Amino acid sequence: MTTQQPGAEQCPPSVCHSSDLLLGFVNTAPWGGNPETMNGAEDLSAWLARAGLLDAEADVTGADTAAARELRDAFIMIFRAHSGCADGQDALPAAERYIQRIAQRYPLVSQLSAEGCRLVPAQDGVLGGFGALFAAAADLAARGGWARLKMCKDPSCHRGFFDKTRNSSGLYCSTACSTRMAARAYRSRSKKSA
């Protein structure tokens, strides 16, 4: 959960649902001292079930877990690029190529209703779960929220977050991370001037 930043706006519920799904996925990574939470098929199955993307009894394999980690790593590099991180910018072309190539494995279909149109996975099971991540990304892109998915620039954190600042300039997932980085920068400047 991220802390509301001063001057930040609330996101519409549909945007929040899509961003929460993608952020929940990328935040399974072992960044900033957090443990890896997608170690095997059981972990992936549990995450997909908690996210409402898979029945708890569905078959999940080790290959599915490897595919999930690769997809997660590509999303992370894109979100790091959104934050202006140098490694994200360097890895962005490869991450984009990977995402574009594997998107064909998880086709989406339009679901029309009186309320509008939304993209949903064309498959069920694990493939449908991964498709739901692509549907969430497409939803955010259509609503102008895709570039607001970022990774915290605090090296002791690196959690994914939705940038709610008015001008999309947020670099940290919380006030605590922002304060910690400002204190580090101050100490660094003090050492150089001493």
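The values are calculated or read from the model by the stated rules, or taken from the named source; none is laboratory data. Quick caveat, the model's predicted, so the values are computed rather than measured. In this analysis, Cβ positions are derived from the backbone assuming ideal geometry, glycine residues included, and neighbour counts consider all displayed protein chains. The accessibility values were calculated without ligands, DNA or RNA, using every heavy atom of the protein model including side chains. Shrake-Rupley method; radii C 1.70, N 1.55, O 1.52, S 1.80 Å.
Looking at ARG184, ARG118, ARG180, ARG101, which one is surrounded by 12 or more Cβ atoms within 10 Å (Cβ to Cβ), closer than 24 Å to LEU53 by Cβ and of a type outside the set (Asp, Glu)? So that I can check it myself, show each step before the final result.
Numbers: ARG184 fails: closer than 24 Å to LEU53 by Cβ; ARG180 fails: closer than 24 Å to LEU53 by Cβ; ARG101 fails: surrounded by 12 or more Cβ atoms within 10 Å (Cβ to Cβ).
Exactly one residue qualifies, and that residue is ARG118.
In this structure, does LEU133 turn out to be of a type outside the set (Gly, Ala, Ser), within 14 Å of LEU21 (Cβ to Cβ) and part of a helix (DSSP H, G or I)?
Values: of a type outside the set (Gly, Ala, Ser): yes; within 14 Å of LEU21 (Cβ to Cβ): yes; part of a helix (DSSP H, G or I): yes.
It is true that LEU133 is of a type outside the set (Gly, Ala, Ser), within 14 Å of LEU21 (Cβ to Cβ) and part of a helix (DSSP H, G or I).
When you look at GLN111, is it on the phi < 0 side of the Ramachandran plot, open to solvent by 70 Å² or more (accessible area, probe 1.4 Å) and assigned to a helix (DSSP H, G or I), yes or no? Please lay out each step first, then the result.
Numbers: on the phi < 0 side of the Ramachandran plot: yes; open to solvent by 70 Å² or more (accessible area, probe 1.4 Å): yes; assigned to a helix (DSSP H, G or I): no.
So GLN111 does not fit the description; no.
Could you tell me which of the residues ALA132, ALA142, ALA138 is among the hydrophobic types (A, V, I, L, M, F, W, C), surrounded by 19 or more Cβ atoms within 10 Å (Cβ to Cβ) and under 19 Å from LEU119 (Cα atoms)? If you could, list the steps in order and put the result at the bottom.
Numbers: ALA142 fails: surrounded by 19 or more Cβ atoms within 10 Å (Cβ to Cβ); ALA138 fails: surrounded by 19 or more Cβ atoms within 10 Å (Cβ to Cβ).
Going through ALA132, ALA142, ALA138 in turn, just one is among the hydrophobic types (A, V, I, L, M, F, W, C), surrounded by 19 or more Cβ atoms within 10 Å (Cβ to Cβ) and under 19 Å from LEU119 (Cα atoms): ALA132.
Select from region 33-88 the residues that are assigned to a helix (DSSP H, G or I), open to solvent by 30 Å² or more (accessible area, probe 1.4 Å), within 23 Å of ASP163 (Cβ to Cβ) and in contact (Cβ under 8 Å) with a residue 24 or more places away in the chain and list them in ascending order.
Within region 33-88, ASP73, HIS82 qualify.
Mind listing whichever residues of region 99-108 are assigned to a helix (DSSP H, G or I) and touching a residue at least 12 places away in the same chain (Cβ under 8 Å)?
So the first thing to find is which residues in region 99-108 are assigned to a helix (DSSP H, G or I), and the list is 99-105.
Selection gives ILE99, ILE102, ALA103, ARG105.
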